[in-house]
1. ³J(HN,Hα) across region B:115-125 via Karplus (A = 6.51, B = -1.76, C = 1.60, θ = phi - 60°), whole Hz, x for Gly/Pro?
2. How high is the relative contact order of chain A, in percent, with contacts defined as C-alpha pairs under 8 Å that are six or more residues apart?
3. Add +1 for every Lys or Arg and -1 for every Asp or Glu among the other residues with Cβ under 14 Å from the Cβ of A:T32, and state the total.
4. In deg cm²/dmol, rounded to 500, what helix-only [θ] at 222 nm does chain A give when every DSSP H run of at least 4 residues adds -39500 (n - 2.57) and the total is split over its residues?
5. What residues qualify as long-range amide H neighbours of B:L80, i.e. H under 5 Å apart, gap of 5 or more or another chain, H built at 1.01 Å from N?
6. Considering amide H positions built from the backbone, and no H for Pro or chain starts, which residues 5 or more places from B:E9, or on another chain, come under 5 Å of its amide H?
7. Kindly write out, for region B:56-63 in residue order, the coupling ³J(HN,Hα) from the Karplus curve 6.51 cos²θ - 1.76 cosθ + 1.60 (θ = phi - 60°), rounded to whole Hz, with x marking Gly and Pro.
8. Apply the a/c threshold of 1.5 to the C-alpha gyration tensor of chain A and tell me whether it is rounded, prolate or oblate.
Amino acid sequence: MQTSQSLDRTFAALADPTRRRILTQLALGEATVNELARPFAISQPAFSRHIRVLSQAGLIVQRAEGTKRPCRLAPGALSELDQFLHMLREALTRNYQRLDQLLAKQTKRRNDP
Amino acid sequence: MSKLALTTEGDTHVVVTRRFEAPPEAVYRAHLDPDLLRQWCLGPDGWTMPVCINEGRPGGKMRYEWSNGRGGFYLTGEILELDPPHRIVHVERMHMPEPTPDNRVVTTFVADGTGTLMTMRMSLPDQETRKAMLATGMERGMEASYARLERLSGWTVAS
């Protein structure tokens, strides 16, 4: 279970677009820091900082393999927040589908008196 | 394009946008008129709204009660500002049965061609509140195992 402090770290980590892109890339599988850094035009220390933030937030895990430190997603790291946002999206999607129908009915009533 | 967009704004807010094929007057009214609200503001299938009070004026009260036949929860709130048909500001809280922290919601309706673009900005509940909301059964029908990539893609567009 996440404490509110660790949740704060999760949010802070996810607030940055570079870090979200790193997570999206890692969703495809394990990758080394060098491989992950390739698409980004930022300095190596800056990139390492992003990796550290993600790791401290518990979103990714790293293992040692010689001099390489391959990264992968931490299992279940985003599940609680994801689950909530998904629930909200589903509930609102259904609401607005019903509202679409209601509005269409009103328009029809106005158009054929 | 009527697809719902749901994004997070920092770590404190959620912004929802949705287009409707009806003028702002109609979409605005559907957000305040209890007879209309009871027909659409129900969340997942299987829920009804036996009680729907919305006084539809600044300072007016709101009370929505939902039931799925086995149990339910309710929401109370107050309307803070109305600028018909463009803007509704209200505050709401869920009772499950303990009240959740107040959530200030700003909903705007802007004409978009023959339709309306609605934007709703609200607080992102804290973790405790989210857990309580999930536990109400609002998640009924949700599968626990969404493709990780899909979830993360959601985050990627949420910038």
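Nothing in this text is a laboratory measurement; each read-out follows from the coordinates by a stated rule. Computed from a predicted structure; not experimentally measured. No Cβ is skipped: glycine too gets one built from the backbone with ideal geometry, and neighbour counts run over all protein chains shown.
1. Calculated HN-Hα couplings, in order: x, 9, 9, 9, 10, 10, 10, 9, 6, 7, x Hz.
2. Reported as a whole number, the value is 24 percent.
3. For residues surrounding A:T32, the net value is +2.
4. -20500 deg cm²/dmol
5. B:G59, B:V89, B:H90, B:V91
6. Amide H neighbours of B:E9, under 5 Å, 5+ apart: B:V14, B:V15.
7. x, 9, x, x, x, 8, 10, 8
8. prolate
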